[in-house]
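A quick write-up on the structure given underneath.
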Amino acid sequence: MLGKNEKTISKYNYIMSNLTFGIIKPDAVRAGNAGKIVDRVLSNGFKVRGMKLIHQTRKQAEGFYSVHAGKGFFDELTEFMSSGPCVVLALEKDNAVPAWRELMGATNPAEAAEGTLRKDFASSIGENAVHGSDSDENAAIEIAYFFSKLELV
Ligand code: CMP
């Protein structure tokens, strides 16, 4: 019988510690900050393996954030994430998941450290400019949610 990780590996085929998934959220795109954030991604040593501008439907956003279904902020979150275009990113760097989380800063921008993306570009815990995976397993799942293998260089 397969363990949880082995199942995930057989389904997604590429759990890697050097890949993570990111979103430049609708608030940051609307504010014209997507280019500045991509610039920070590159200047912090990430390689972009996949990038595209998408406008999610409510259903796609609900599927992506299904782990939060039932939480008080779920409706607000999925309405916001489908409210306009966002940029989805597959990013490569050593220890990509913690490296991207460090660059993003705390979920609540009021608690985000100086020099982080959320400190510089986010306005609230709901509209917090960027998303990042919280584990290598979830990075593989989240990349596969938005990118086909052909879209990853
Ligand atoms: P993200 O990293 O995209 O993952 C889940 C998101 O839910 C999180 O960023 C926040 O934007 C959002 N979120 C978490 N807690 C709250 C909250 N209390 N109110 C509104 N949104 C929240």
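The values are calculated or read from the model by the stated rules, or taken from the named source; none is laboratory data. Bear in mind the structure is a predicted one, so any value in this text is a computation, not a measurement. In this analysis, Cβ positions are derived from the backbone assuming ideal geometry, glycine residues included, and neighbour counts consider all displayed protein chains. Calculation scope for accessible area: heavy atoms of the full protein, side chains included, ligands and nucleic acids excluded. Shrake-Rupley method; radii C 1.70, N 1.55, O 1.52, S 1.80 Å.
Other residues lying with their Cβ under 12 Å from the Cβ of residue 129 contribute a combined charge of +3, Lys and Arg counting +1, Asp and Glu -1.
Database remark: amide H of residue 130 closer than 5 angstrom to the amide H of 25 (H placed geometrically; neighbours at sequence offset of 5 or more, or on other chains; Pro and chain starts carry no H). With N as its number of residues, the chain has a Cα radius of gyration that, divided by 2.2 N^0.38 Å, comes to 1.00. Projected label points at residue 44 and residue 16, each 7 Å from Cα along the beta carbon direction, are separated by 1.9 nanometres. Comparing mean-square fluctuations of 31, 61, 106 from a GNM of the chain with C-alpha springs under 10 Å, the top value falls on 31. Between residue 59 and residue 95, the simple label model (points 7 Å from Cα in the Cβ direction) yields a spacing of 4.1 nm. Computed over segment 4-151, relative contact order equals 37 percent, with contacts defined as Cα pairs under 8 Å that lie 6+ residues apart.
Taking the protein heavy atoms of the chain in the context of the full set of protein chains, the accessible area attributed to carbon and sulfur is 53 percent at 1.4 Å. Relative to the current alpha-carbon distance between residue 36 and residue 75, full extension at 0.36 nm per residue lengthens the span by 11.2 nm. Taking Cβ atoms as reference points and 14 Å as the exclusive limit, the residues near residue 86 contribute a net charge of 0, counting Lys and Arg as +1 and Asp and Glu as -1.
Projecting the Cα positions of 135, 150, 89 onto the charge dipole of the chain (unit charges on Cβ atoms of Lys, Arg, Asp and Glu, taken about the Cα centre) puts 150 furthest along the positive direction.
Distance between the pseudo-spin-label points of residue 52 and residue 68 (7 Å out from Cα toward the beta carbon): 2.3 nm.
Which residues does the label zone of residue 152 cover in segment 94-119, counting backbone N under 19 Å from a point 7 Å along Cα→Cβ? So the set is 94-101.
For the residue pairs 52/149; 25/52; 52/119; 47/93; 71/119; 25/119, the alpha carbons lie more than 18 Å apart in 52/119; 71/119. Applied to segment 31-48, the Karplus parametrisation 6.51 cos²θ - 1.76 cosθ + 1.60 on θ = phi - 60° returns per-residue 3J(HN,Hα) values of 7, x, 9, 4, x, 4, 5, 4, 4, 5, 4, 5, 6, 9, x, 7, 9, 8 Hz, with x for Gly and Pro.
One chain, two ends: residue 145 and residue 102. Fully extended at 0.36 nm per residue, the span grows by 13.2 nm beyond their Cα-Cα distance.
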